[in-house]
Each structure stands twice: as structure tokens, then as C-alpha cells.
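**Q** Sharing a structure here in C-alpha cells format.
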Amino acid sequence: MKTGRKINEECAVLGVSLLNDEAVGVAYNGLLTLQHRGQEGAGIAVVAEGNIICKKDTGLVSEVFAKEKLASFPSSVTAIGHTRYSTMGGNFRENVGPFVTEYLTGRIATAHNGNITNAKDLREMLEDCGLRFKATCDSEVVASLLAYRIVKEKDITKGIEKAVGELNGAFSLCIATADGHLFAVRDPDGFRPLCLGRSENGIIVASESCALDACGFEFLRDVEPGETVLIKDGEVVNSARANGEGKRDLGLCIFEYVYFARPDSVIDGLSVYEARLNMGMILSEEHPADADIVCGVPDSGLDAAIGYASASGLPLVNGFVKNRYIGRSFIYPTQDMRSSAVRLKLNPLRAGINGKRVVLVDDSIVRGTTSEKIVRNLKAAGAKEVHLRISSPPFLFTCRYGTDIDSMENLIANRMSLDGICRKIGADSLGYISIDGLKRSCVKCSISFCSACFTGEGDHGKIGKDALETVKFGSRYVRKPNGAAAVSRKG
């Protein structure tokens with residue numbers, strides 16, 4: 001896992017098919033809106049006069065595409081884009097999407113969000129067929145497999161459908177062909193989001209609907225799990241559904257609603273903002289606190305804090321001032337400065353919390369080190385008590401599908417009891433939302449969920465579990481409850 005307090009997932013994808021030649025500008029603006037899904041690299045590929053031109057590099061979207069580089073693209077009606085967070089392969093240019101792949105009769109560009117669990121086997125198969133690889137990530141394997149199957153099937157659409165049927169794991173894809181076709185593909189489990197938008201100028205495909213809003217497109221619909229959508233000349237011209245045979249019915253990663261997605265997005269029929277409000281309200285029901293005020297940890301804890309305050313009747317207070325200008329360039333030259341990094345980014349607002357009993361709402365606890373520093377800083381700023389409430393259940397398992405969760409040994413919920421976590425963090429009480437409560441928060445979502453990072457198995461439509469999970473660390477086994485978790489250090 002990368003250093004830092006939050007878990008992440010791999011990438012955002014975007015594609016546009018327009019009636020005018022402004023595809024590059026739309027793709028750039030869309031990627032800026034999706035920057036939260038990946039900050040390590042960005043790329044845009046455009047179709048121009050039967051060719052595909054791709055520019056990409058490590059860095060933020062605005063860093064990779066300075067004004068001069070953006071202007072160097074030719075005018076185009078078709079483009080795809082990618083922002084990257086690396087969970088597979090190192091952070092270097094060759095691993096950034098889109099990937100442009102040449103084959104005997106043409107070229108395709110591919111942008112991928114997710115994690116292919118059989119990438120190693122597919123890569124070995126393709127290498128045996130004579131293909132060579134430059135990158136170390138699974139996205140290049142996807143791109144090469146697509147090109148290989150297009151050649152074998154002698155048809156672009158049939159080749160893509162054949163290749164998609166061989167992929168296991170999580171994948172949302174945007175694929176552009178040299179003749180201007182745009183394909184949008186979502187895996188049969190629907191693990192990662194993908195949606196379509198329309199305007200008078202054409203069609204856009206994006207990982208989140210917030211990109212549609214920012215680019216002036218009206219939300220059309222979500223790409224269905226297992227669906228391949230063909231778009232050409234600014235219109236959806238075909239849609240096909242995979243039978244999904246042999247696939248597991250996991251569903252959307254529920255952490256999209258907890259943390260990954262922007263609150264102004266709507267995913268599979270449910271507003272992310274509404275889901276987070278619901279989480280806070282259910283947290284208040286499951287874990288009330290004898291307190292004076294509620295505050296949220298910026299940014300993803302803020303909406304759940306609003307819900308907690310609304311349901312509990314406690315006033316909502318701005319507990320922190322966030323420094324939004326540190327960015328990736330901030331340097332911590334000494335250990336003391338590294339230890340104070342949390343305060344440099346989130347400084348408690350003393351006037352709002354001094355002498356108060358505070359309910360502090362955050363989205364998750366991974367290792368616990370950052371939560372400990374935040375609680376300590378609140379108390380140093382005068383908070384009388386800090387009652388920590390978490391809008392996700394305890395993390396117990398790693399993820400195979402592209403979510404960058406730390407190793408099981410480093411997850412604090414596997415190393416300590418609930419009381420031990422509370423004491424380590426220094427909170428006066430600690431409460432996690434239950435799995436049942438989290439799912440009830442997202443009940444308006446139109447598909448099922450994957451909650452394997454909390455339960456160790458796929459959801460398969462079940463709501464709540466009473467069983468205890470067994471987790472092994474070396475020769476030691478620990479058992480953790482999957483229901484609502486809370487502890488108080490009082491009494």
C-alpha cells in the first residue's frame with residue numbers, strides 16, 4: 001500500500017465520440033474531474049485521419065497536459081483518456097494508459113480501470129504466441145489480448161467480445177479504434193462504475209457521472225454489468241450483453257460509496273452523497289454518543305458527519321481547516337516533520353472544538369496511525385472528549401480486484417481488539433458501522449455489492465452476517481465479528 005492514510009483504487013477511464021472536433025478538450029476536462037481516482041499518471045489518445053495519437057506521462061492531469069502539449073493534439077471527434085493509481089506495476093510512464101496496440105490491419109487504444117486476476121496466465125499465453133510487452137501492468141495485457149483476438153476473429157466487434165470473455169476480475173474499458181469506433185465495456189460483476197452521457201454534440205463514457213456534468217453532458221444511463229456498448233459518430237449504435245458464464249456475482253465495490261467516488265456522482269441509480277448521508281444517520285442509530293458536537297474528517301467524512309448530526313440532533317461544527325495547497329510536492333525532511341504531516345494538512349479549528357465533547361466521523365481506519373494523530377491533535381486543541389465513528393466496517397481482508405488495501409498483517413482490525421484499537425488511537429469511544437447498516441445505506445443501488453474486504457467473501461445478495469470470520473497470521477488465528485462494532489473506554 002502507498003504511504004498515506006487512505007486506501008485507493010486503480011484509475012479512471014473516459015471516452016468521447018462527438019459530432020464536432022473538440023474531443024481533446026472534452027477528454028481533458030473530464031480527466032480533471034476524475035483526478036480523484038488516480039493521481040500518478042494521465043494520458044489521452046485521439047483518433048485523427050485513420051491514425052491514433054497518444055500522449056501520456058506520470059503526474060497530475062494538469063502537469064502532464066500543459067497548454068502546449070494539449071495544443072499539439074490534432075483536432076478529433078474521438079478520444080479516450082485515463083488517470084492512473086498504480087496497484088499493479090510500478091509508477092512509470094510505460095504503465096500509464098491509454099495503451100496503443102498495433103496489429104496486422106490496424107490500431108486500437110485501450111484505457112482500463114480495475115484489476116485482471118488472470119493477467120499472468122493471459123500474458124504467458126500471448127508471449128507464447130509471439131507478443132512482446134513493454135509495461136508491467138495488467139492493462140497492457142488487456143490491450144494486447146484485444147488486438148490478438150481482433151486479428152484472430154477478423155472483426156473488431158467480435159474480437160473485443162471474445163477477448164472480454166477471457167478476462168477475469170474487475171474491468172471497465174474504453175476502447176478506440178483507428179476508424180473512429182468507441183467501445184465501452186463493463187465486467188459481468190459490475191465491480192467498477194461506468195456510465196454514458198449525451199449532449200447535442202455526441203456521447204461521453206466515464207467512470208463517474210460527475211465528469212458528464214463538468215463537460216456539459218446529460219446523464220443517459222449506467223453501462224450494465226457485462227455490457228459492451230458500441231458508439232460511432234456521436235451515437236450509440238449497438239449494445240451486447242455477455243452471458244457471464246463462470247463469473248461470480250460479486251457486484252459493485254461498496255467502497256465506491258464510502259470513499260472512492262465524488263459525492264456529486266450517481267452510480268447505479270444511487271447518489272454517492274445520499275449514500276454517505278445515510279451512513280452517518282445509521283451510524284448515529286447504531287452508535288450514539290453523549291457528546292456536544294459532530295465534525296467530519298475532510299473530505300470523505302464530511303457527508304457522513306452531516307447525516308450523523310441530522311439524526312442525532314447534535315450541532316455540526318467545522319472541526320478542521322484543510323490546507324489544499326500542499327499537494328504531492330510537499331517534503332518531509334525530518335522524522336519530526338513527517339510525524340506532524342497530518343496537522344500540516346488538517347489543522348484543528350480550536351474555536352469550534354475547545355471544551356467540547358466531539359463526535360468525529362471518518363470513512364475508514366486502515367493502520368490507525370493517522371486516526372491516532374487526528375484524535376491527538378483534536379485533544380491538544382482543547383477537545384474534552386473524542387468519540388470516533390467510522391462509516392465503513394473494519395477492514396479484515398485484502399482485495400483481488402484493484403483496491404489498494406494494506407496487507408492483512410498491517411490492518412489494525414486484525415492486530416488488535418476493538419478496545420485495543422480505541423486505546424491505541426486515544427479515542428474515548430469507537431464505533432464502526434455494521435455491514436448490514438452499510439448495505440442499508442446503499443439500498444437504492446440497482447445492483448448487488450462486493451464487500452469482500454470486510455467479510456472475506458463475495459456478497460451474493462446477502463444482507464448481514466452473524467458468523468465470525470477466521471483470519472490467519474502465521475501460526476495465530478483470530479476471530480472477528482462482521483456485525484456492528486463499538487467500544488467505549490468509559491466505565
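No value in this document is a laboratory result; all are computed from the given coordinates. It should be emphasised that the depicted structure is a prediction, and the values quoted were computed from it without experimental measurement. Positions of Cβ are generated from backbone atoms using ideal geometry, with glycine treated the same way; all protein chains shown enter the neighbour counts.
**Q** So which trypsin sites (Lys or Arg not before Pro) in the stretch 179-231 pass both tests, a DSSP loop state and at most 14 other Cβ atoms within 10 Å of the Cβ? Mind showing how you got there, number by number?
**A** Working: sites: Arg186, Arg198, Arg221; in loops: none.
For trypsin sites (Lys or Arg not before Pro) across the stretch 179-231 that sit outside H, G, I, E and B with at most 14 neighbouring Cβ atoms in 10 Å, the list is empty.
**Q** Mind giving me the nanometre distance, one decimal, between the label points for Lys134 and Asp299, set 7 Å out from Cα along Cα→Cβ?
**A** 3.3
**Q** Based only on other Cβ atoms within 10 Å, what is the fewest-to-most ordering of His112, His287?
**A** Working: His112 32, His287 25.
Starting with the residue having the fewest Cβ neighbours, the order is His287, His112.
**Q** A follow-up question, please. What whole-number volume per residue, in cubic angstrom, does the convex hull of the C-alpha atoms of the stretch 243-325 give?
**A** On the way: hull volume 10.3 nm³, N = 83.
Hull volume normalised by residue count: 124 Å³.
**Q** Provide the per-residue ³J(HN,Hα) series for the stretch 155-169, in order, calculated from phi with Karplus coefficients 6.51, -1.76, 1.60 and θ = phi - 60°, each as a whole number of Hz, with x at glycine and proline positions.
**A** 7, 5, 5, 5, x, 5, 4, 5, 5, 4, x, 8, 8, 10, x
**Q** Among the GluC sites (Glu not before Pro) within the stretch 203-294, which fall in a DSSP loop and have no more than 12 other Cβ atoms within 10 Å of their own Cβ? Please list the in-between numbers first.
**A** Numbers: sites: Glu208, Glu218, Glu227, Glu235, Glu245, Glu256, Glu274, Glu285, Glu286; in loops: Glu208, Glu245.
Sparse-neighbourhood loop GluC sites (Glu not before Pro): Glu245.
**Q** Okay, moving on. Once all Cα-Cα distances of the stretch 7-129 are split into 5 Å bins that start at 0, what whole-number percent is in each one?
**A** That works out to 2, 12, 20, 23, 18, 13, 8, 3, 0, in percent per bin.
**Q** Another question, if that's okay. What per residue convex hull volume, in Å³, comes out for the stretch 8-247 when only alpha-carbon positions are used?
**A** Working: hull volume 25.3 nm³, N = 240.
Here the figure is 105 Å³ per residue.
**Q** Separate question: Given all pairs of different Cα atoms, what value in angstroms does the Kirkwood hydrodynamic radius of the stretch 387-429 take?
**A** Values: mean 1/r = 0.0871 Å⁻¹.
One decimal place: 11.5 Å for the Kirkwood radius.
**Q** Can I ask one more? Taking +1 at the Cβ of each Lys and Arg and -1 at the Cβ of each Asp and Glu, which of Met125, Val24, Ala143 sits farthest along the dipole of the stretch 8-247 towards its positive end, judged by Cα position relative to the Cα centre?
**A** Value: Met125.
**Q** I've got another one for you. As an exercise, use a Förster radius of 22 Å and the Cβ-Cβ distance of Ala71 and Glu49 to find the FRET efficiency, rounded to the nearest 0.05. Walk me through the numbers before you get to the answer.
**A** Numbers: r = 18 Å, r/R0 = 0.81.
My answer for the efficiency is 0.80.
**Q** Taking other Cβ within 10 Å of each residue's Cβ, how do Asp303, Asp138 sort, fewest first?
**A** Asp303, Asp138
**Q** Mind listing which chymotrypsin sites (Phe, Trp or Tyr not before Pro) in the stretch 34-119 are in a DSSP loop and have 16 or fewer other Cβ atoms within 10 Å?
**A** Working: sites: Phe65, Tyr85, Phe92, Phe99, Tyr103; in loops: Phe65, Tyr85, Phe92.
Passing both the DSSP loop test and the Cβ count: Phe92.
**Q** Among Ala206, Thr228, Ile160, whose Cα projects farthest towards the positive end of the dipole of the stretch 8-247, with charges put on the beta-carbon of Lys, Arg (+1) and Asp, Glu (-1)?
**A** Ile160
**Q** Mean separation of Cα pairs under 8 Å and 6+ residues apart, divided by the residue count of the stretch 8-247: what relative contact order is that in percent?
**A** Details: 638 pairs, mean separation 52.5, N = 240.
Answer for the stretch 8-247 is 22 percent.
**Q** Along the Cα-to-Cβ line of Ala380, 7 Å from the Cα, sits a label point; which residues in the stretch 410-447 have backbone N less than 18 Å from it?
**A** 424-428
**Q** Let me ask another. Using the count of nearby Cβ atoms within 10 Å as a rough guide to exposure, how do Ser446, Ser391 rank from fewest to most?
**A** So the ranking, lowest neighbour count to highest, is Ser446, Ser391.
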